[in-house]
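For reference, the structure discussed in these notes is given below.
The values are calculated or read from the model by the stated rules, or taken from the named source; none is laboratory data. Here the structure is a predicted model, which is why all the values come from computation and not from measurement. Backbone-built Cβ (ideal geometry, glycine too); neighbour counts: all protein chains shown. Ligands, DNA and RNA are stripped out before the accessible areas are found, and what is left, the full protein with its side chains, is counted by its heavy atoms. Shrake-Rupley method; radii C 1.70, N 1.55, O 1.52, S 1.80 Å.
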Amino acid sequence: MLLKLNNLPILLLALAFLSACGAGSTVNAPTAAPAPTTAPVATVAPAPTAAPAPTAAQVVAATPASAAGEPILPATVTDYQGETVVIESIDRIVSLSGDITEIIFALGMGDYVVGVDISATYPAEKTKALPSIGYQRRLNAEGILSLNPTLVIGNEFAGPPEALAQVRSAGVPIALTANPPTLESPAQKIIFVARALGIPQRGYELAGQVEAEIAQARAEASTLPRQPRVLFLYLRGTDVQQVAGANTAIDAMITAAGGINAAAEAGVVNYAPISPEIVIAAQPDVILVLTKGLESVGGIDGLLSIPGLADTPAGQQRRVVDFDDLYLNGMGPRTGQALADLVSAFRAAVAQTGGS
């Protein structure tokens, strides 16, 4: 856009005014933000014909507060229910879920976090050192309030509502973002968190980086010679054994990586208990699991003892791919990198099954 010279004095006055308005609205930020640790590597279970291990994920580097400007408070956000939340201070943040915790650290604001839930596993050396408030779906108000938070932040799955209401009644703002099971979710959550912390520009920059990584991985997926059939299993020992169908983050990841979600194709929506009928209908080329889940059933041998799995194409070739829980399923700052690793695993599986 071209500016006429006779408007230059007005422009200079406007710029001076804006600079003056922004001068007194900051709070103190940490002098240096902790850098995330090396991302957990997605691995493929060892077997003679197993797909090669995906490459190591690159870490989304945290941006120091001093490099990107101090937070501007008070900040105002609209939560997933349409409620306006005003944040006066971020001096003591309690994060209610692993994806939100990871976002806070990726934004360079981890020094403000004073408590996390048990799903917060990244960056590992930082989250392990923080007090735990339990699991985000089974929160205890007293445990949260004992940390004297000035902001409680999480996603829509936090609860129970009674515990959150008790925290709000104590005068602590709670900012909860939507968490849709789509690949638009990471950027949406990043921007929400950044706005709540008073650093919106940093949020836009990180969201843009993540979206670019997702787009690059999708482009790579489009070059697969064919779509492998994939069955995802959520496992917690023998007590919980489920498949992920449509309307799940896992479904979004599988399809974006160039695979066919066999459970969704069989009509499963959300999560459902695994059954011989589903396994027979699925006939997967790849069995996809979370690392902790695979460990909970005793590795590949324990996994293939689940009725029907050993007789599938994936089971016969022991083609089992496992990823860290938060890395694959978190829809956070590393989603684009996880998607790229998933594409690599699918490409290897297609090559082993004869390509096209």
With each label point set 7 Å from Cα along the Cα-Cβ vector, what nm distance links residue 118 and residue 222?
4.3
Distance from a point 7 Å along Cα→Cβ of residue 316 to each backbone N in the stretch 252-296: keep the residues under 17 Å and list them by number.
279-287
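Tell me, what is the FRET efficiency for residue 147 and residue 270 to the nearest 0.05, using R0 = 41 angstrom and their Cβ-Cβ distance as r?
0.80
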Residues listed by number, the stretch 329-349, amide nitrogen under 17 Å from residue 178 label point at 7 Å toward C-beta:
331-332
The stretch 274-298 residues near the modelled residue 239 label - backbone nitrogen below 11 Å, point 7 Å along Cα→Cβ:
none
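Ignoring ligands, DNA and RNA, please state the percent of accessible area on the stretch 121-205 from carbon and sulfur, probe 1.4 Å. Provide the component values of the computation, followed by the final result.
Working: 1960 of 3600 Å².
Carbon and sulfur atoms account for 54 percent of the accessible area of the stretch 121-205.
Let me check I've understood the local charge: for residue 348, count other residues with C-beta under 12 angstrom from its C-beta, Lys and Arg +1, Asp and Glu -1. What total comes out? Could you put the intermediate results ahead of the total?
Numbers: positive: 319, 347; negative: 285, 341.
Surrounding charge for residue 348 is 0.
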Near residue 184, within a Cβ-to-Cβ distance under 13 Å, what is the net charge of the other residues, with Lys and Arg +1 and Asp and Glu -1?
+1
